[in-house]
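Notes to accompany the following structure.
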Amino acid sequence: MSVSGSGLDVAALQAMANAMFSAPPGAEPAFGQAPAAPSGPINLGSPLPTGGIAVAGQNNPLPVATTLPMTPPVRTTQPGAAELAAPPSFITPRVVPTQAQTPDLHGLQSTVLPAMPKGGNGFAGVPEGFAALLPGTAPAPNLSDAAVPSSAQPPSSPYYFLGDASSASGVPASPPLNLTRLSDPFGLSAPTRISPELPLSSAAAPASPSAPSFYFADLGEKPAAPKVPPGRGIFDVATVRRDFPILSTRVSGGKPLVWLDNAATTQKPQSVIDRISYFYANENSNIHRAAHELAARATDAYESARKKVANFIGASSPEEIIFVRGTTEGINLVAQSWGKQNIGEGDEIVISHLEHHANIVPWQMLAAEKGAVLRVIPVDNTGQVRLDEYQKLLSSRTKIVAVTQVSNALGTVVPVKEIIDLGHRYGAKVLIDGAQSVSHMRVDVQALDADFFVFSGHKLFGPTGIGVVYGKRDLLEHMPPYQGGGNMIEDVTFDKTVYQGPPARFEAGTGNIADAVGLGAAIDYIERLGMENIARQEHDLLEYGTEALCRIPGLCMIGTAKHKTSVMSFVLEGFTTAEVGQALSEEGIAVRSGHHCAQPILRRFGLEFTVRPSLAFYNTFEEIDLLAATVRRLSQTRRSG
């Protein structure tokens, strides 16, 4: 029985492992039997067996599903009045290169977010109507009953990190508009509840009531490197990472991939990959136009995805959801349809200095065509928009305000609720670019009262080539089509065409059906994790990473607003951003270096390029350690020379 005195029979263990991995989901592995050749549809869920895997040195198997909508209440510290640099109001931004400011890490606030868990099919990759047809599709396991370490069980308090909190009433009502204080940037307004479906990390301990409400204490009094408490994190990241096959890829001569380019695109869980594959294998057809069964399946899958999007962002109806190729096409749709219809000579369009080129160029084109004026909201030295200056730009001539909710270059969370409320006071419509926000925070378009909201699927762990425009129903009904063709018509003669109502009116031709379905699967996955758990995990990573990078001599962080998502843009003295990016790539670390299609905001800080690591919930503290160590080593080579 023993092998080299170890007491282990390697052949027996290998046979057991083969049997375990070949067993269908929900079935007991046939130990002692030769594994059968795989047949039938692929496993459309977690790539691991539902019973978990025993890990050497641990007494309990790891759970393999990743459903954990846990629910904290909101705890927010409002920022005090900040001393702001006050560039004047202007129509076209006059860019004056300035010395990049050394970031002041004091005052960066900690925000803890509530969850709004929604149930999901246990088989994320399979539409509910067909789940019963697959072999081995037993009900998804309830992980609260799984054998997990006692330290990972949810605490008795309904607040998984606050201990003996006294209220479970949810989120307080939004305060009245006050330009000296920013409200909760995450725009949450609904009550919340707890639904513990996945064990938490043992790190979900209550913070000390006396702890400061800042990301960082005095850096000069801290040890040479940041320390992570044992078990730090809201959920078991190792388990979650198994859902993303690309994260096991090796690059740069065999080094593990460290994906820190999430602001450019996010990686896809196996359930999304498999859902798209299932569509092409079992449902592929054009939609809406035939009586045969595959057309019905494809139509059901496509319209089900539309409903999931509507629920995900809080739209009042699926008819307010338009599928497009991405955020860029969505903004162009609004500019070319609503904009051409409602903006004329002398009218004004307001954007912010933070915008991605996709939320600048379409409005410039429209302004040039119509003789309108483009006005720009300035930002302060931390990279936050100035609401006081924004109010000065508004007038009866303002027709539309178009701003990002999160800056792709700096990570700044913009107070869009205040921006929307002020814009509406002057009769303006407001479009929110949510490309960088929907993967990091709960969005409720009705609570925000946004007129339009746009985002891309590939930023939300979904496929490329699919995006969303939300528009208020009464606006969409009066907007002309953006393109003409099939699917968007009710009747066509050579004399005239009668268009369908929204959203079909804006979806000319054959849409990206499979990737819309894939986006629906990505939303299912996010809902099972719990958006607020994702936000808390990323908050911890951002806090840790920012502190680690700021200790590196010669490194300057760009963008230090009090409200941020997980973007850590920086420059390193003595090195081009391309050199830093290449050095990181040689260690397997993927970051973005360049202008990030946001040249105006970088030039506001006197820069053309930055290095931009950007985080997602599947990143780890160890990956951040490698990032910081590589940049530090690079810094030392130039400084010592």
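The values are calculated or read from the model by the stated rules, or taken from the named source; none is laboratory data. Here the structure is a predicted model, which means the values were calculated and not measured. Counting neighbours? That spans all protein chains shown, and the Cβs are built from the backbone with ideal geometry, glycine included. Accessible surface areas use protein heavy atoms only, side chains included; no ligands, DNA or RNA. Shrake-Rupley method; radii C 1.70, N 1.55, O 1.52, S 1.80 Å.
Heavy-atom accessible area with a 1.4 Å probe sorts Thr265, Thr576, largest first, into Thr576, Thr265. Applying Stokes-Einstein at 10 °C and 1.306 mPa s to the Kirkwood radius of segment 258-386, computed over alpha-carbon pairs, gives a translational diffusion coefficient of 87 µm² s⁻¹. Describe numerically, in nm with one decimal, the distance between label points set 7 Å from Cα along Cα→Cβ at Leu294 and at Ser252. With each label placed 7 Å out from Cα toward Cβ, I get 4.5 nm. Distant-in-sequence amide contacts of Arg375, defined by a placed amide H-H separation under 5 Å and a gap of 5 or more residues or a different chain, comprise Ile349, Val350, Ile351. Label positions at Gln341 and Tyr280, each projected 7 Å from the Cα along the C-beta direction, are separated by 3.7 nm. Shown are Leu607, Leu294, Leu394, whose ranking by accessible area with a 1.4 Å probe and every protein chain present, most to least, is Leu294, Leu607, Leu394.
Based on alpha carbons, the Rg and Dmax found for segment 464-611 are 22.7, 71 Å.
In debye, nearest 20, what is the charge dipole magnitude of segment 261-321 about its Cα centre with +1 on Lys and Arg Cβ and -1 on Asp and Glu Cβ, if you could check?
Numbers: 7 positive and 8 negative charges, 7 e Å.
Computed about the Cα centre, the dipole is about 40 debye.
Listed highest first by mean packing, meaning other Cβ atoms within 10 Å per residue, what order do 403-409, 610-616, 588-594, 631-637 come in? Mind showing how you got there, number by number?
Details: 403-409: 29.0, 610-616: 26.7, 588-594: 21.4, 631-637: 17.0.
Going by the mean number of other Cβ atoms within 10 Å, highest first, we get 403-409, 610-616, 588-594, 631-637.
With a cut-off of 12 Å on the backbone N, the residues of segment 263-291 near the modelled label site 7 Å out from Gln500 along Cα-Cβ are 287-290.
Straight-line cross-link partners of Lys429 among the lysines, defined as a Cα under 16 Å from its Cα and at least 8 positions apart when in the same chain: Lys340, Lys399, Lys417, Lys472.
Between Asn487 and Arg397, 0.36 nm times their residue separation minus their Cα-Cα distance comes to what? Walk me through the intermediate numbers first.
Values: separation 90, 0.36 × 90 = 32.40 nm, distance 3.64 nm.
Stretched fully, the Asn487-Arg397 segment lengthens by 28.8 nm.
Evaluate the charge dipole of segment 286-414 about its Cα centre and quote only its size in Debye, nearest 20, assuming +1 on the Cβ of each Lys and Arg and -1 on the Cβ of each Asp and Glu. Present the calculation step by step, with values, prior to reporting the outcome.
Details: 13 positive and 14 negative charges, 30 e Å.
Magnitude of the dipole: close to 140 debye.
Just round it to a whole percent: the fraction of Cα-Cα distances in segment 376-448 exceeding 14 Å. Before the final figure, lay out each step's value.
Details: 1539 of 2628 pairs.
Tail of the P(r) past 14 Å holds 59 percent of the pairs.
Using alpha-carbon pairs under 8 Å, 6+ residues apart, how would you state the relative contact order of segment 376-466 in percent? It rounds to 23 percent for segment 376-466. Between Thr637 and His357, the simple label model (points 7 Å from Cα in the Cβ direction) yields a spacing of 3.0 nm.
Figure legend: label point modelled 7 angstrom from the Cα of Val373 along Cα→Cβ; residues of segment 322-353 with amide N under 11 Å from it are 346-349. The Rg/Rh ratio for segment 455-518 is 1.04, where Rg is the radius of gyration of the alpha carbons and Rh is the Kirkwood radius.
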